1. Note the listed values (i) 20.1, 69; (ii) 18.9, 63; (iii) 18.0, 53, then indicate which one is Rg and Dmax of the Cα atoms in Å calculated from this particular structure.
2. Give the cross-link partners of K193 among the lysines, using a straight C-alpha distance below 28 Å as the criterion and excluding same-chain residues fewer than 8 apart.
3. Which FRET efficiency value, to the nearest 0.05, do you get for H51 and Q90 by plugging their Cβ-Cβ distance into 1/(1 + (r/R0)^6) with R0 = 30 Å?
4. Any idea how far apart A252 and E167 come out in nm if each label point goes 7 Å out from Cα toward Cβ?
5. As an exercise, identify the GluC sites (Glu not before Pro) in the stretch 193-266 lying in DSSP coil whose Cβ has no more than 12 other Cβ atoms within 10 Å.
6. Return the FRET efficiency for the residue pair A31, R119: r is the Cβ-Cβ distance, R0 is 41 Å, and the value is rounded to the nearest 0.05.
7. What does the extension gain come out to for D60 and Y220, with contour length at 0.36 nm per residue minus their alpha carbon separation?
8. Rounded if a/c is under 1.5, else prolate if a/b beats b/c, else oblate: with a ≥ b ≥ c from the C-alpha gyration tensor eigenvalues square-rooted, which is the stretch 148-245?
Amino acid sequence: MGIRIVFSDIDGTLIDKDRVLSSKTIATFKAIKEAVPIVLISARMPKAMRHLQQMGTIEDQPIIAYNGGLILVNDKIVHSTEIPNNITEQITLFDSKIHFSLYHNDDWYVPKKDYWALREINNTKVEASVLSNQEVIALWNSKDIGAHKIMCMGNIDDIDRLFIYLEEQFGNELHIYRSKSTYIEVAPKTISKKTAISYILNNLYPTITMAEAVAFGDNYNDIEMLNAVGYGVAVANAKDEVKQVAEYHTEAGVNDGVALFLESHL
């Protein structure tokens with residue numbers, strides 16, 4: 001049974017040292033996209049993914065953002081899961097020293113453009129809107145919407161304390177994922193990259209099975225996805241735990257690992 005659809009994580013997996021698609025990756029995508037759909041799947045917001053879609057000429061493919069919390073097809077929402085605002089408020093009141101970024105679809109709000117906000121702006125090539133956490137929550141309450149993701153950033157000791165608090169208070173309701181020692185990403189418990197892939201296959205590509213999907217990843221939030229698909233591929237720079245569950249392995253993300261695997265298997 002061969003590969004009929006591609007799902008790729010972005011950060012640490014797909015992009016090069018300049019945080020864009022390499023010329024080799026672009027050429028590989030162009031060579032296979034007519035026969036095999038290519039879907040980007042990331043913790044990023046959609047706005048931080050579209051320029052990569054454009055580079056790879058796969059703008060007509062779905063986007064899976066926020067680790068599965070938001071799925072878009074041609075910029076239209078087909079599936080959305082959000083964090084209730086009362087929970088978001090409790091989290092943002094934990095400690096004023098911690099930076100809390102709040103995300104909904106293409107909107108990214110920061111309380112101020114501090115070190116953490118500027119770092120993320122540089123990494124994702126997306127501008128943030130400045131609004132206090134309380135003002136954002138009030139705005140979202142008026143629109144009956146919530147956060148697709150909360151990004152918590154701060155020094156290691158503060159993030160350590162926050163992680164313990166989040167696990168104790170919201171462990172049954174939220175995915176609490178430590179992407180770096182200074183970062184915690186928070187999302188609804190009911191979603192994951194695996195659930196998003198299942199949705200895509202069931203609703204958009206019903207003739208393609210999970211066994212015919214290839215997925216590429218490097219970090220802890222990719223483990224479930226790599227276990228679920230027929231071809232789970234870890235890049236060489238992946239966490240050891242990711243490498244252990246992946247059936248297949250390829251070169252590092254910055255060394256065109258995704259493109260090299262696709263070339264050899266398609």
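The values are calculated or read from the model by the stated rules, or taken from the named source; none is laboratory data. Just so it is clear, the structure is predicted and the values come from calculations on it, not from any experiment. No Cβ is skipped: glycine too gets one built from the backbone with ideal geometry, and neighbour counts run over all protein chains shown. Ligands, DNA and RNA are excluded from the accessible area calculation, which covers all protein heavy atoms including side chains. Shrake-Rupley method; radii C 1.70, N 1.55, O 1.52, S 1.80 Å.
1. Computing Rg and Dmax of the Cα atoms in Å and matching it to (i) 20.1, 69; (ii) 18.9, 63; (iii) 18.0, 53 gives (iii).
2. Cα-Cα hits under 28 Å: K17, K24, K30, K33, K47, K76, K125, K143, K149, K180, K239, K243.
3. Calculated transfer efficiency: 0.30.
4. 3.0
5. E247
6. Computed FRET efficiency for A31 and R119: 0.75.
7. This chain segment gains 54.8 nm when fully extended.
8. Here the stretch 148-245 falls in the oblate category.
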